[in-house]
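Notes to accompany the following structure.
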């Protein structure tokens with residue numbers, strides 16, 4: 001793989017710089033490669049994404065690491081003596097693409113942390129029985145082609161022809177064309193043939209900024225991730241009642257869709273609280289709630305609402321229970337309030353279980369580093385879920401981050417990333433012994 | 001007052017027709033005077049409204065009744081010997097205007113019932129110590145100039161210059177111009193001078209179709225009205241929380257505006273149920289409930305809602321209590337759910353008390369006629385409230401009606417109107433003794 005001149009230009013010749021300074025330089029240089037009106041844009045399977053991989057590859061080589069591309073055109077980085085790509089190995093990594101006008105850390109932080117870990121282990125001359133590699137994945141963000149985890153799904157033969165035919169948000173090309181442009185064997189993906197032998201991947205550890213506020217609120221620099229929540233979703237449930245004069249219809253004759261929908265949300269809120277009290281994992285969201293703007297009025301009993309409903313949990317049984325409760329509560333409210341609820345098709349995603357041994361290893365490393373040893377679930381999806389679903393022992397580390405992700409205001413302190421690197425060094429040694 | 005030729009043409013020469021047939025003919029002929037694409041349109045202070053009064057005047061004269069116009073250009077009908085307009089008298093009546101593409105019965109039914117009552121009393125030669133008159137009022141509907149009860153407010157000097165300057169919905173003229181065109185002394189209205197001496201009005205009884213479903217549901221042909229609900233309203237309350245990733249923010253860190261607003265509505269619903277259980281009168285409506293369409297999404301915690309809130313009650317203390325409870329519940333929810341509620345200006349309308357003696361008289365008449373003797377509040381406003389607020393003993397009778405009002409599907413059975421006329425005959429005799 002050659003490094004293009006633009007990437008080469010920003011790679012400094014360095015040697016004794018400390019790891020934090022290296023991380024800072026990589027973030028700055030990669031941001032400079034992917035500017036947008038605000039924040040950064042590194043589209044999936046784009047020239048900008050390729051340049052980013054080229055740049056990271058150059059940094060790795062300047063640290064005497066060995067690099068190559070896998071069959072999915074992702075960047076793989078091994079130790080100086082790691083010369084057999086097909087050999088069994090463990091992988092640390094994440095993705096390098098970003099959402100449009102996104103932040104610089106969602107994805108990239110995990111790649112940088114993995115690279116720093118490998119550099120540090122090589123510097124200290126650590127003896128690993130299983131090779132440790134960095135994988136810098138391409139297309140993870142759904143913003144570009146309407147689907148997430150393209151690179152990891154392609155590796156395991158899970159992407160399929162329907163996904164390959166989806167068009168980029170700007171309409172310029174379909175995913176298959178974009179993948180072909182970076183040298184990926186699209187026919188294999190279309191046929192569902194895996195690009196890698198999953199059994200040769202001994203483990204996968206993804207470090208990622210937290211996309212929620214828990215670590216900030218709890219004052220935890222890092223946390224182990226227990227699992228990735230599955231979900232079920234309805235985009236458009238309708239509650240059908242009857243419109244009427246707000247002054248002229250008494251309570252017992254009303255069929256008020258707003259009161260009925262509010263009651264449903266509060267009944268589900270009660271179940272949510274109970275499940276949490278009993279130690280369960282759950283989040284519920286009704287992100288959309290609308291009366292009909294063409295008919296609603298202050299003095300008109302609302303005859304219809306439309307609303308979305310989403311449940312997320314690490315536990316498939318909790319999701320099934322909430323789905324059943326949603327329907328049973330609707331039936332009770334339908335009787336009480338003389339309305340009817342009409343459901344659109346449900347969309348489900350299974351939870352991904354992360355490896356308990358790896359999670360324990362992460363927590364032990366946190367303790368050894370004098371960090372809080374805490375674990376939380378991930379509500380957002382990650383490439384790690386695809387690795388886990390392929391049967392690979394998979395772990396995740398969250399790094400504290402303010403202001404959420406997918407926006408230019410992501411805020412990760414470098415010190416927190418370095419805490420993750422310290423944990424990853426310990427975990428790497430344990431996993432490769 | 002002359003009757004124009006169009007109106008004259010549809011007035012039959014009749015004598016022994018029964019009252020129901022007369023009512024049917026008036027409804028048919030007035031509908032024919034005020035057709036629209038669907039339903040009828042009798043705009044306030046329009047030529048169509050004037051023609052309607054002319055037509056009713058002609059019918060009254062054909063039954064040997066005496067007619068004139070009051071200073072508000074409303075039609076007044078007295079007995080054959082009632083020749084002194086300034087003399088003290090009691091009035092039965094309602095309005096003749098309609099909403100655009102409305103139904104034929106909202107307003108007109110009460111005028112017809114009053115006319116039939118007077119015809120019937122004259123036919124039977126009833127001796128009344130106080131003259132009974134029919135008043136057919138003009139502009140009651142707010143649809144035309146943005147405000148209701150224009151005719152009755154003008155009579156009592158309550159309309160004022162601001163109202164006179166409001167423009168018709170089609171932009172064609174302001175209310176003052178429209179009133180001047182039908183001969184009303186607009187300067188007196190602007191100065192707040194009453195057009196009538198309220199002390200000469202001994203009582204006012206308005207019969208009106210029910211605009212809600214209670215009588216239909218209860219199988220009551222008619223009902224006395226206990227009072228006209230006042231209200232308070234907020235058109236646009238905002239609940240401000242914080243948007244976030246639906247999977248990544250746990251329950252204890254959420255500031256979900258939809259859950260908070262739903263909780264507010266359910267808390268107010270609890271208070272509503274309690275007040276009704278204790279015998280109070282109340283209806284609550286949140287006719288508008290919206291998440292922000294430019295930001296909401298199925299997987300985004302909703303950071304803001306906007307909603308309306310309206311309470312109506314016959315009891316001013318109940319309205320004050322609900323208003324206070326609304327704010328105290330908001331404060332509790334603000335603490336619990338880390339949101340804030342931002343209120344727009346409140347708009348208030350006072351309840352109107354109807355005369356207990358007249359209500360009792362209506363109920364006694366119902367019993368005497370073998371009808372259910374029942375009373376319910378009016379949630380909608382009526383001219384009767386303006387008469388009551390002017391200190392005139394005022395009563396109301398509702399007539400059963402399906403499908404609400406202000407639409408072409410109003411459905412009143414003629415038999416129910418005739419039941420109201422029978423009650424009104426008895427009430428008239430009692431009130432004029």
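The values are calculated or read from the model by the stated rules, or taken from the named source; none is laboratory data. Treat the numbers as computed from the prediction; the structure is a model and nothing was measured. For neighbour counting, all protein chains shown are included, and Cβ atoms are generated from backbone atoms with ideal geometry for every residue, glycine included.
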Scan the range B:237-257 residue by residue and report those that are outside any strand (DSSP E or B) and either touching a residue at least 60 places away in the same chain (Cβ under 8 Å) or at the interface with chain A (Cβ under 7 Å from one of its Cβ atoms) (or both).
-> B:241, B:243, B:246, B:247, B:248, B:249, B:250, B:251, B:253, B:254, B:256, B:257
Exactly one of A:365, A:356, A:352 is modelled with pLDDT of 95 or more and buried (at least 16 other Cβ atoms within 10 Å of the Cβ), and that residue is A:365
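Residue-by-condition table, conditions (1) at the interface with another protein chain (Cβ under 8 Å from one of its Cβ atoms); (2) surrounded by fewer than 20 Cβ atoms within 10 Å (Cβ to Cβ):
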| position | (1), (2) |
| --- | --- |
| B:227 | no, no |
| B:235 | yes, yes |
| B:286 | yes, no |
| B:300 | yes, yes |
From the list A:154, A:190, which one is in contact with a helix residue (DSSP H, G or I) (Cβ under 6 Å, 6 or more places away or on another chain), farther than 23 Å from residue A:42 by Cβ, surrounded by 14 or more Cβ atoms within 10 Å (Cβ to Cβ) and in contact (Cβ under 8 Å) with a residue 24 or more places away in the chain?
-> A:190
Residues located in the range A:385-419, provided they are assigned to a helix (DSSP H, G or I) and under 18 Å from residue A:227 (Cα atoms) | A:385, A:386, A:387, A:388, A:389
Within the range A:169-181, identify whether any single residue is assigned to a strand (DSSP E or B) and assigned by TED's automatic domain parsing to the domain that holds residue A:81, and answer yes or no.
-> yes
Only one residue in B:115, B:215, B:159 is in contact with a strand residue (DSSP E or B) (Cβ under 7 Å, 6 or more places away or on another chain) and more than 25 Å from residue A:300 (Cβ to Cβ). Which one?
-> B:115
Would you check if residue B:260 is over 21 Å from the mean Cα position of the chain (by Cα), outside any loop (DSSP other than H, G, I, E, B), more than 26 Å from residue B:139 (Cβ to Cβ) and in the same structural domain as residue B:313 (by TED's automatic domain parsing)?
-> yes
Are any of the residues in the range B:64-77 in contact with a strand residue (DSSP E or B) (Cβ under 6 Å, 6 or more places away or on another chain), assigned to a loop (DSSP other than H, G, I, E, B), at pLDDT 95 or above and closer than 20 Å to residue B:420 by Cβ?
-> yes
Every residue from the range B:272-284 that is surrounded by 19 or more Cβ atoms within 10 Å (Cβ to Cβ), part of a helix (DSSP H, G or I) and more than 7 Å from chain A (Cβ to nearest Cβ) = B:275
Mind listing whichever residues of the range A:189-211 are under 28 Å from residue A:355 (Cβ atoms) and in a helix (DSSP H, G or I)?
-> A:189, A:198, A:199, A:200
Please specify each residue of the range A:306-325 satisfying the condition of being within 14 Å of another protein chain (Cβ to nearest Cβ), over 14 Å from residue A:379 (Cα atoms) and under 24 Å from the mean Cα position of the chain (by Cα).
-> A:308, A:309, A:318, A:322
Residue B:53 being crowded, with 20+ Cβ neighbours inside 10 Å, at pLDDT 95 or above and under 23 Å from the mean Cα position of the chain (by Cα) = yes
If you check residue B:266 against the conditions, is it assigned to a helix (DSSP H, G or I) and on the phi < 0 side of the Ramachandran plot?
-> yes
Search result, residues across the range B:329-344 that are surrounded by fewer than 19 Cβ atoms within 10 Å (Cβ to Cβ) and touching a strand residue (DSSP E or B) at 6+ places or on another chain (Cβ under 8 Å) | B:334, B:338, B:340, B:342, B:343, B:344
Single residue of the range B:389-411 satisfying the filter (buried (at least 24 other Cβ atoms within 10 Å of the Cβ) and more than 14 Å from every other protein chain (Cβ to nearest Cβ)) that is farthest from residue B:217 (Cα to Cα) = B:394
Taking the range A:136-151 on its own, how many of its residues are closer than 19 Å to residue A:208 by Cα and in contact (Cβ under 8 Å) with a residue 40 or more places away in the chain?
-> 11
Taking into account only those residues within the range A:370-384 that are more than 13 Å from chain B (Cβ to nearest Cβ) and over 11 Å from residue A:224 (Cβ atoms), which is surrounded by the fewest Cβ atoms within 10 Å (Cβ to Cβ)?
-> A:370
Taking the options A:217, A:256, name whichever one is modelled with pLDDT of 95 or more and either surrounded by fewer than 18 Cβ atoms within 10 Å (Cβ to Cβ) or closer than 28 Å to residue A:354 by Cβ (or both).
-> A:217
